[in-house]
Amino acid sequence: MNDKSELQDKVVMVTGASSGIGRAISLALAKEGTRLAIVARNLDKLVTLKAQIESSGGRAFPLAVDLKDESQILFAFEAIGREWGGVDVLINSAGLGHDAPLSSGSTEHFREMLEVNVLALSVITREAVLNMQANKTAGQIIHISSMSAYRVQTGAGMYAATKHAVRAMTEGLRRELREAGSSIRVTAVSPGDTETEFMERMLGRSEAGKRAPEYRQMDPEDIAQAVLYILKTSPNVEIHDILMRPINQPD
Ligand SMILES: NC(=O)c1ccc[n+]([C@@H]2O[C@H](COP(=O)([O-])OP(=O)(O)OC[C@H]3O[C@@H](n4cnc5c(N)ncnc54)[C@H](OP(=O)(O)O)[C@@H]3O)[C@@H](O)[C@H]2O)c1
């Protein structure tokens, strides 16, 4: 019996790999024998993840990138090209929220959410498409979006706007690729509450603790399983979006 994964040796670029969902996706994909380009700002965390991946026989290439800087994104693609030739799969997991109500939030907070969740995701996705097209790769692109692509929670209007944009870009890119006769597939995963550093980064530890939900949140590994499912579907199937929330989450 051949138990080699169909994902073996694929070059997968994961943004937001230093934490939470991106980290869990990286660990799950390492077990499938992929070659992982792990991207985030925190190099120490990426180096620790690389060691963890390599200790179980996997391969990882850490890239310290601030996604707000386009030149750093372009440099990352060049580096991956030199190391492994190109990208087969892009997972856009980097993202953030700020406590920034539309009626009172700071411009800086609005800007950072737009820059990372929308603009950087657009630039990195465009570069991945160009890279896949140049290498004639029938690649896959997965955006880690949010249930906030479908609903707007009070006080989180700008965050929801960024994720509604991700939803629009998923469909926009699907249409462009279809018109071009491309075999590249694009998919969103839209999770609800997942236990990561997300809330702590947004609110600080003590406030995040106070606002913790009563229900059990999803684990980042739950999202990684959805990503694995998407990557293993038939090349003839394009999953558009997976909406997933923890049982008992109200919206
Ligand atoms: N947790 C949830 O409940 C939840 C629910 C729905 C959707 N999501 C989405 O899931 C994705 C992952 O979030 P998470 O929950 O895993 O949060 P997390 O634990 O806070 O991880 C966020 C990741 O984004 C990276 N990042 C942020 N700003 C960056 C920048 N300027 N340049 C490069 N990397 C940057 C961080 O890396 P560095 O700090 O090292 O740069 C980190 O790896 C996000 O898009 C989020 O919107 C989360």
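Details
- Tally of residues being within 30 Å of GLU6 (Cα to Cα), within 11 Å of the ligand (Cβ to nearest atom) and not β-branched (Val, Ile, Thr) across segment 118-163: 6
- Qualifying positions in segment 29-43 - assigned to a loop (DSSP other than H, G, I, E, B), open to solvent by 10 Å² or more (accessible area, probe 1.4 Å) and closer than 18 Å to ALA226 by Cβ: LYS31, GLU32
- ALA138 vs. criteria more than 27 Å from VAL47 (Cβ to Cβ), open to solvent by 30 Å² or more (accessible area, probe 1.4 Å) and assigned to a loop (DSSP other than H, G, I, E, B): yes
- One residue from LYS50, LYS45 being free of Cβ contacts under 8 Å to residues at least 24 places away in the same chain, farther than 30 Å from GLY155 by Cα and within 15 Å of the ligand (Cβ to nearest atom): LYS50
- Matching residues, segment 15-28, being open to solvent by less than 10 Å² (accessible area, probe 1.4 Å) and in contact with a Leu (Cβ under 6 Å, 6 or more places away or on another chain): SER26
- Restricting attention to segment 65-101 and to residues that are charged (D, E, K, R) and part of a helix (DSSP H, G or I), the residue that is least open to solvent (accessible area, probe 1.4 Å) turns out to be GLU70.
- Highlighted here are the helices (runs of 4 or more DSSP H) found entirely within segment 165-247 that include at least 1 residues which are open to solvent by less than 70 Å² (accessible area, probe 1.4 Å), of a type outside the set (D, E, K, R) and away from the ligand (no atom under 12 Å from the Cβ): 205-210, 220-231.
- Residues (surrounded by 15 or more Cβ atoms within 10 Å (Cβ to Cβ) and part of a loop (DSSP other than H, G, I, E, B)) located in segment 47-61: GLY58
- Number of residues in segment 10-26 that are farther than 15 Å from ILE144 by Cβ and either out of contact with any Phe, Trp or Tyr (no Cβ under 9 Å at 6 or more places or on another chain) or polar (S, T, N, Q) (or both) equals 1.
- Scanning segment 141-164 for residues that are polar (S, T, N, Q) and surrounded by fewer than 19 Cβ atoms within 10 Å (Cβ to Cβ) gives GLN153, THR154.
- Residue satisfying condition, being away from the ligand (no atom under 16 Å from the Cβ) and touching a residue at least 12 places away in the same chain (Cβ under 8 Å), within set GLY20, GLY33: GLY33
The values are calculated or read from the model by the stated rules, or taken from the named source; none is laboratory data. Keep in mind that what you see is a predicted model, and the values were worked out from it rather than measured. Cβ coordinates were reconstructed from backbone atoms using ideal geometry, including for glycine residues, and neighbour counts include every protein chain displayed. The accessibility values were calculated without ligands, DNA or RNA, using every heavy atom of the protein model including side chains. Shrake-Rupley method; radii C 1.70, N 1.55, O 1.52, S 1.80 Å.
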